[in-house]
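The values are calculated or read from the model by the stated rules, or taken from the named source; none is laboratory data. If you're wondering where the values come from, they're calculated on a predicted model, not measured in any experiment. As a convention, Cβ positions derive from the backbone with ideal geometry for all residues, glycine included, and neighbour counts pool all protein chains shown.
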Amino acid sequence: MKKIIGITLLCLAPLSVNFASDNVQGRVEQSKSAVQELAGKLMKEMKTAMQAGGPVQAIKACNESAPLIASEISEKYNWQVGRTSLKLRNPANAPDAWEEAVLKKFAERRAAGESPEKMAYFEVVEEKGQKNFRFMKAIGMPPLAKMPCLICHGDNIDSTISTKLNELYPNDKAVGYKAGEIRGAFTITQPM
């Protein structure tokens with residue numbers, strides 16, 4: 001069964017990768033752990049802020065804390081760890097060409113009916129003479145009853161929230177989402 005899972009996970013990776021010597025499966029598992037850690041810390045920060053001051057406080061906390069949490073996890077693993085999207089809220093999270101291509105592929109997969117919760121992609125790429133293991137995990141938009149993300153990312157945003165978003169993110173594009181859509185992705189670059 002383990003080999004079948006490996007084949008399923010690796011079907012999107014280039015065939016030229018030497019899986020045994022590069023320990024790609026180990027890197028996949030480590031990347032999943034880092035993503036889970038980042039997502040967990042971000043969610044904890046958002047829940048604390050929501051309880052303390054509602055959505056406006058959560059927006060402020062996200063603006064200040066999210067980059068620090070990503071930086072902390074990047075330092076812990078000695079990788080580049082973050083989030084990106086095709087519809088950016090924070091321009092500092094703009095996707096590079098590789099990330100943009102993966103995000104577009106995720107959108108195609110979602111349009112074909114695949115659940116964002118199961119979407120991940122990895123590849124070993126050479127960039128500027130350096131081999132890097134690249135990993136992305138889709139971020140789905142949960143229903144409002146499950147998580148309050150749509151309060152700030154949906155298509156019916158309260159004017160108080162909208163004012164705070166415009167203040168902190170004047171070129172915000174991360175709105176208009178519906179439950180089940182892909183909001184973006186966690187992204188990891190590991191030097192090899």
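Checking each residue in the range 52-68 for being of a type in the set (S, T, N, Q) and modelled with pLDDT of 95 or more picks out no residue at all.
Being at pLDDT 90 or above and either surrounded by 18 or more Cβ atoms within 10 Å (Cβ to Cβ) or farther than 27 Å from residue 132 by Cα (or both), is that true of even one residue in the range 1-22?
no
Inspection of the range 58-74 finds a residue satisfying the criterion of being more than 12 Å from the chain's Cα centre (by Cα), in a helix (DSSP H, G or I), under 18 Å from residue 41 (Cα atoms) and of a type in the set (Lys, Arg).
This table checks each residue for (1) more than 30 Å from residue 53 (Cα to Cα); (2) in contact with a Gly (Cβ under 6 Å, 6 or more places away or on another chain); (3) without any contact (Cβ under 8 Å) to a residue 12 or more places away in the chain; (4) β-branched (Val, Ile, Thr).
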{"site": "123", "(1), (2), (3), (4)": "yes, no, no, no"}
{"site": "126", "(1), (2), (3), (4)": "yes, no, yes, no"}
{"site": "142", "(1), (2), (3), (4)": "no, no, no, no"}
{"site": "152", "(1), (2), (3), (4)": "no, no, no, no"}
{"site": "163", "(1), (2), (3), (4)": "no, no, yes, yes"}
{"site": "188", "(1), (2), (3), (4)": "yes, no, no, yes"}
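Evaluated against (1) crowded, with 17+ Cβ neighbours inside 10 Å; (2) not in a helix (DSSP H, G or I), residue 170 falls short on exactly one condition, (1).
Please state which one of 99, 117, 123 is in contact with a strand residue (DSSP E or B) (Cβ under 6 Å, 6 or more places away or on another chain), part of a helix (DSSP H, G or I) and surrounded by 15 or more Cβ atoms within 10 Å (Cβ to Cβ).
Of the residues listed, the single one that is in contact with a strand residue (DSSP E or B) (Cβ under 6 Å, 6 or more places away or on another chain), part of a helix (DSSP H, G or I) and surrounded by 15 or more Cβ atoms within 10 Å (Cβ to Cβ) is 99.
Just so you know, in the range 145-162 the residues that are surrounded by fewer than 13 Cβ atoms within 10 Å (Cβ to Cβ) and not small (Gly, Ala, Ser) include one that is farthest from residue 97 (Cα to Cα), and it is 160.
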